[in-house]
Amino acid sequence: LRAIPVPVLYGVFLFMGIVSLSTNEFWQRFKMFFMQGSRLPDYPFTKYLPKNKIHMFTFCQVLLFILLTVFRSVKVIAIAFAVVIKICIPIRMYLLPRWFTEEELILLDGEDDEIEALVEKFENDGHVEEIVDEAEDQNAAFNYTTDAAYTVVPARTANKPRRRRKLSASLKSVFSGK
């Protein structure tokens, strides 16, 4: 093992880490912060959960990751790293169930068998994308894009008829550049 240069080992581990990112669910959800709603990948949690719930769960995980990184890198408090790891358990067991339902937590953080059973239950009950549609209707007022005819259209209307609204004269001048 001493015959292998350390930079080569670092390179191998870096390569393995980058290659495995595509299979990491946390990384997939983190990338969803920067995606359009219509381009979300087809996962059970994107199919049955509103986007704001997915983002809220991912944001909690990002905050815990930053906390762990800070505790690990600051030498004075690095001794408490194990305590921070242990604090993650009660957060998951007691704090997150206050913000999410049991089904949401299973879809976001459950085992594969639990997720498959829940999806099967949803499909048998006829519960397909109802939650997501309700959340989109609530958030439609905040996601507007414009097209060439100076109309405002909700950004995620791929399968819905377009709802057009007339823009006021001041907004027309803003969009036309006059």
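The values are calculated or read from the model by the stated rules, or taken from the named source; none is laboratory data. What you see is a predicted model, and the numbers here were worked out from it, not measured in a lab. No Cβ is skipped: glycine too gets one built from the backbone with ideal geometry, and neighbour counts run over all protein chains shown. Note: accessible area is taken over every heavy atom of the protein model, side chains too, but ligands, DNA and RNA are not part of it. Shrake-Rupley method; radii C 1.70, N 1.55, O 1.52, S 1.80 Å.
Rounded to the nearest whole Hz, the Karplus-based 3J(HN,Hα) values (6.51 cos²θ - 1.76 cosθ + 1.60, θ = phi - 60°) of region 94-108 follow the sequence 10, 7, 5, x, 6, 9, 10, 6, 4, 5, 5, 5, 5, 5, 7, with x at glycine and proline.
Take the solvent-accessible surface of the protein heavy atoms, probe 1.4 Å, and return the percent of it on region 1-120 that carbon and sulfur atoms account for.
Carbon and sulfur together cover 67 percent of it.
Lysine pairs in region 40-134 whose alpha-carbon atoms fall under 27 angstrom of each other, counting only those eight or more residues apart or on distinct chains, come to 5. Within the shell defined by Cβ-Cβ distances under 14 Å, the residues around L96 carry a net charge of -1, with Lys and Arg each +1 and Asp and Glu each -1.
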